[in-house]
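Heads up: the structure comes next, in structure tokens.
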Amino acid sequence: MQFPRLVEIRSSLTKFYYESSAFAKFHVMLKDPICHLTCLSATGIIFLVANIISVKNLTKKFDVFTAVDDISFDVGKGEIFAFLGPNGAGKSTTIKMLTTLLSPTSGSMSINGQDPSHAQDAVRKSFGIVFQDPSLDDDLTVMENMELHAALYSVDPKTRKGRITELLKFVDLADKVKWMVKTFSGGMKRRLEIARGLLHHPKILFLDEPTIGLDPQTRNHMWTYLKNVNKKEGMTVFFTTHYMDEAEKNADRIVVIDHGKIIAQGTPIELKKKTNSKTLEDAFLSLTGHEIRNEEAGAVDQLRQHRRAWGGRR
Amino acid sequence: MISLGNTGEHGEEEDNTMETIYTLWKRQVIKYFRSRSRIVGSLAQPLLYLLAFGYGFGSVFSKAGQGNYIQFLAPGIIAMSILFTAIFTGIEIIWDRQFGFLKETLVAPVSRLSIMLGRTLGGATVATVQGTIVLVLAMFVGFRFTNYSQVPLALLFMFLIAILFTAMGTAIASVLEDMQGFQLIMNFLVMPIFFLSGSLFPLSNLPFAMVIATRIDPMTYGIDGLRGVLGGIAQFGITLDLLVLGGITALFLAIGSYLFTKIQV
């Protein structure tokens, strides 16, 4: 019997089959305990999916309000994963905890084998993120924004320029390197942010409502590119969206969260079957109800209003 | 968690603290020189103060036996423009936190302290440049150096004032959620710091309450030092000014860094 070459498997493959026995499974667990392997056995074949994100009993309380209430889920390596839910369901709070911006009240998380609350830098190196609100510096040029990111992530100075040019080509901004970001439309900013998020070769890309305000052309272009990187580099994509067709079309797997609790998870097909719905939108509505949510306007929303009133001063 | 280095779990990771500080410093400086309208706009106020107060009170001041008022006033106005620029740069973090570049830096694998230091040094450099421009303007209005060899020491005072108030702005922005408290800060912190610092009037022969207030105001020592260095008239002595100002600056840098590392987005 051959021993599995585990290190290679881990780094090169995302989902892999291994014709083997219980011994192989044990061996895998032993050598690679941080990978949180999920083993699904099917007729003598052990189907192994390495989880790149693993969340257990995660809870976040703000004073008396529980934003995230004891949730557990896993995201497989190389998966395109949709995290859906109505406004105020706890999506952004969860993303903030996963990306080290917020510390949880209780529960445990693992990102690429590391705990975001403790090994912050290791976790931060492993992901890229596109926030709900743009986080580019409007008063700098495209190239300056990219170079800043490269410096913060210690991207090798020798390959920096090449990598930046390559990414900008992919998002169709290569001819605008000297442009000020403030002259860009919303769609162009999004594309630039995606390029920036990919600059340091992240293993996971978080996208918090990335396609809000984008036209179908840009949205399509963006997803074609993301799927391509997902396939070629095995990069995991974790995204939230309010467009159900987008989730249906692109996600391998979906988790639906509401009132801080996970209420359903599965592939788009499974969710539709479970709720007897034709589309994911119907499935979503039957899971979360038709009631319109009133998200209390927090400091952020008030700031957003200020900002609109000031005509996007920054 | 305050740690200067890159606190990666893996030892092989390079420490990019210096590159982070330099990069963020450079960003502030580039942005400042790009925003010409902002430079010109923020020079109008100090110029107005110099002209209106300088010429308005000039004759009263000299009749009271205090000498040339412009000579006395200019260091105060230079410090004022540094104070405003510095505190605004610090407070800008409130905006930046939600809609700006700050979030991008907070998820980057660099220590919060290096982000804070880069931003603060950048903001302080900008404020010092702004102060230097006001100094040049003051010379057109009639201000004269007593000793040109003191210029480096003057720049040091200006830079210390700038760091102090950028750090103070950062500390405030780290605990405020939105811009609503801004007016409060202007009226109850920034303006008192300016008016109680002896920027406009001599610190001698004041009522007791004013003596206490002016001695508590950290800007008092900055202005007094600047006055001593630029015009040769320091109340407390340059050494004492430098020690007090340096100490308070270090203190606020520590407070600002601490609060900044505690920011949750």
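The values are calculated or read from the model by the stated rules, or taken from the named source; none is laboratory data. Computed from a predicted structure; not experimentally measured. So basically every Cβ, Gly included, is an ideal-geometry build from the backbone, and we count neighbours across all protein chains shown. Side chains are part of the model used for accessible areas, which takes the heavy atoms of the whole protein and leaves out ligands, DNA and RNA. Shrake-Rupley method; radii C 1.70, N 1.55, O 1.52, S 1.80 Å.
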(request) Just reorder B:95, B:25, A:179 by solvent-accessible area, largest first, 1.4 Å probe, all chains present. (result) A:179, B:25, B:95
(request) Report which residues of segment B:177-195 become buried by 10 Å² or more of accessible surface when going from the isolated chain to the complete set of protein chains (1.4 Å probe; DNA, RNA and ligands ignored). (result) B:177, B:178, B:179, B:180
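How many partner chain Cβ atoms sit within 10 Å of a residue's Cβ in peptide A:121-127, on average, as a whole number?
Mean partner shielding for this stretch: 5.
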(request) With a 10 Å radius around each residue's Cβ, average the other Cβ atoms per peptide and rank A:137-147, B:107-117, B:62-72, highest first. (result) B:107-117, A:137-147, B:62-72
(message) Can you compute the modelled spin-label distance between residue A:245 and residue B:216, with each label point 7 Å from Cα toward Cβ, in nm?
(response) 6.4
(message) What does the charge count around residue B:244 come to, taking other residues whose C-beta lies under 15 Å from its C-beta (Lys +1, Arg +1, Asp -1, Glu -1)?
(response) -1
(request) With unit charges on the beta carbon (Lys/Arg positive, Asp/Glu negative), name the residue among B:109, B:230, B:213 whose Cα is farthest towards the positive pole of the charge dipole of chain B. (result) B:230
(message) If I ignore ligands, DNA and RNA and count only protein heavy atoms, how much of residue B:55 is accessible to a 1.4 Å probe, in Å² to the nearest 10?
(response) 140
(message) Could you work out what % of the accessible surface of chain B is carbon and sulfur, using a 1.4 angstrom probe and leaving DNA, RNA and ligands out of the count?
(response) 68
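If you roll a 1.4 Å probe over segment A:153-271 with all protein chains in place, what percent of the accessible area is carbon or sulfur?
55
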(message) To check you understand DSSP bridge types, tell me what percent of the beta bridges within the protein assembly as shown (both residues inside) are antiparallel, rounded to 5.
(response) 65
(message) Net charge within 13 Å of residue A:60 by Cβ-Cβ distance, Lys/Arg positive one each and Asp/Glu negative one each, not counting residue A:60 itself?
(response) +1
(message) With the cut-off at 1.5 for a/c, could you classify the protein assembly as shown from its C-alpha gyration tensor as rounded, prolate or oblate?
(response) prolate
(request) Please determine, in degrees from 0 to 90 and to the nearest 10, the orientation of helix B:36-63 with respect to the longest principal axis defined by the Cα atoms of chain B, where the helix direction is its Cα long axis. (result) 30
(request) Within 10 Å of each Cβ in peptide B:47-58, how many partner chain Cβ atoms are there on average? Round it to a whole number, please. (result) 0
(request) Provide the per-residue ³J(HN,Hα) series for segment B:17-28, in order, calculated from phi with Karplus coefficients 6.51, -1.76, 1.60 and θ = phi - 60°, each as a whole number of Hz, with x at glycine and proline positions. (result) 4, 5, 5, 4, 4, 4, 4, 6, 4, 4, 4, 4
(request) May I ask for the distance between the Cα centers of segment A:82-160 and segment B:176-226, given as a whole number of Å? (result) 40
(request) Could you tell me how many degrees, from 0 to 90 and to the nearest 10, lie between the Cα long axis of helix B:218-231 and the main elongation axis, the longest principal axis, of the Cα atoms of chain B? (result) 60
(message) For the full complex of protein chains and a 1.4 angstrom probe, list A:242, A:118, A:200, A:149 by accessible area with the highest value first.
(response) A:118, A:242, A:200, A:149
(message) In segment B:75-105, what residues drop by 20 Å² or more of accessible area when the other protein chains are put back, versus the chain on its own? Use 1.4 Å, and skip ligands and nucleic acids.
(response) B:92, B:95, B:96, B:98, B:99, B:100, B:101, B:103, B:104
(message) Less than 15 Å Cβ to Cβ from residue B:68, Lys/Arg counted +1 and Asp/Glu -1: what total charge do the surrounding residues give?
(response) +3
(message) Exceeding 20 Å between C-alpha atoms, which entries from my cross-link table qualify? They are A:96/B:262; A:203/A:249; A:96/A:182.
(response) A:203/A:249; A:96/A:182
(request) Can you pull out the buried accessible area for chains B and A, both sides counted, probe 1.4 Å, rounded to the nearest 100 Å²? (result) 4000
(message) On C-alpha positions alone, give me the angle between the axis of helix B:238-261 and the longest principal axis of chain B, in degrees, nearest 10.
(response) 30
(request) Could you name every residue in segment A:145-164 that has 10 Å² or more less accessible surface in the full protein assembly than in its own chain alone (probe 1.4 Å, ligands and nucleic acids excluded)? (result) A:148, A:149, A:151, A:152, A:153, A:154, A:160
(request) Work out the mean other chain Cβ neighbour count within 10 Å for the residues of A:132-139 and drop it here as an integer. (result) 6
(request) Which order do the peptides B:167-173, B:147-153 take when ranked by the mean count of other beta-carbon atoms within 10 Å per residue, highest first? (result) B:167-173, B:147-153
(request) Give the accessible surface of the protein assembly as shown per residue, rounded to a whole number of Å², with probe radius 1.4 Å and ligands, DNA and RNA excluded. (result) 45
